[in-house]
Amino acid sequence: MRRLFEIDLKDYKETDAVFKRPSARAIILKGDKLALVYSRKEKYYKFPGGGIHDDEDKREALIREVREETGLVVIPESIREYGSVLRRQKSDRAEDVIFEQENYYYFCDVEDKAVCQELDDYEDEAGFELRMVDIGEAIAVNAVYKSDVFFNEVMISREKRVLEMIKQEKS
C-alpha cells in the first residue's frame, strides 16, 4: 500500500520502547457525501475505523470497526486500497514509550441497510454518530478543532489532511 504521508513528532527518545497499534479506516462515498463518524462531545469528524486485533487482517478489522462505529455493513468485495499514514509520537499513556500507528485507509461500499452501533465506552462518551457530510464541511470543522488532549489534535489533523487529499483527487 502506498504511503500517503508520515506524522512523526520526534517528541520521544530513540531508546524508548515502541507500542504499535495499526488501524484500518474506511472511506465511504455516497454521491458527493462521505460517511464519517462525528463526535458530538469533541466536535470533530473522523473516518470510521480503528485498531486491528492481533488475530485479524486489515480487511476484517475494517469491516468490524465500520459496523461497530457506524452500523454500516461493508461489502467485502468492494474494498480497495487508498493509502497509509504512519504516526509516531510519545505515548500519552506511558513514560518512555513511543506510540506508533500505521493507519490503513480503504475505499469501500456499504449495504443500504444498517445495523445497530456497538460503541466502546469511550466512543459512547464521545457521542460517536454516523453523519453523511460534504467533504468541505468536514475539513472546515476539523480545521478549527482544539482539544485539551494534544493526542486527539494530532489524530484530527491526520484526518483533515487525508480529507484534503481525497477532495483534491476528486476535483
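Summary table
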{"item": "Top-ranked residue of segment 56-112 - restricted to ones that are out of contact with any Asp or Glu (no Cβ under 6 Å at 6 or more places or on another chain) and small (G, A, S), ranked as nearest to K170 (Cα to Cα)", "result": "G83"}
{"item": "Condition met for E95 (part of a strand (DSSP E or B) and within 24 Å of N152 (Cα to Cα))", "result": "no"}
{"item": "Leading residue by the ranking (farthest from R21 (Cα to Cα)) among those in segment 98-114 that are assigned to a loop (DSSP other than H, G, I, E, B) and hydrophobic (A, V, I, L, M, F, W, C)", "result": "A114"}
{"item": "Among residues of segment 30-74, those that are in contact (Cβ under 8 Å) with a residue 24 or more places away in the chain, of a type outside the set (V, I, T), closer than 17 Å to D112 by Cα and in a loop (DSSP other than H, G, I, E, B), counted", "result": "4"}
{"item": "Some residue of segment 127-143 being within 20 Å of R21 (Cβ to Cβ), surrounded by fewer than 18 Cβ atoms within 10 Å (Cβ to Cβ) and at pLDDT 90 or above", "result": "no"}
{"item": "Test for E81: is it assigned to a strand (DSSP E or B), loosely packed, with under 14 Cβ neighbours inside 10 Å and at pLDDT 95 or above", "result": "yes"}
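The values are calculated or read from the model by the stated rules, or taken from the named source; none is laboratory data. Predicted model only: the values in this text are computed from it and were never measured. A quick note on method: Cβ atoms are made from the backbone with ideal geometry, for glycine too, and the neighbour counts reach across all protein chains shown.
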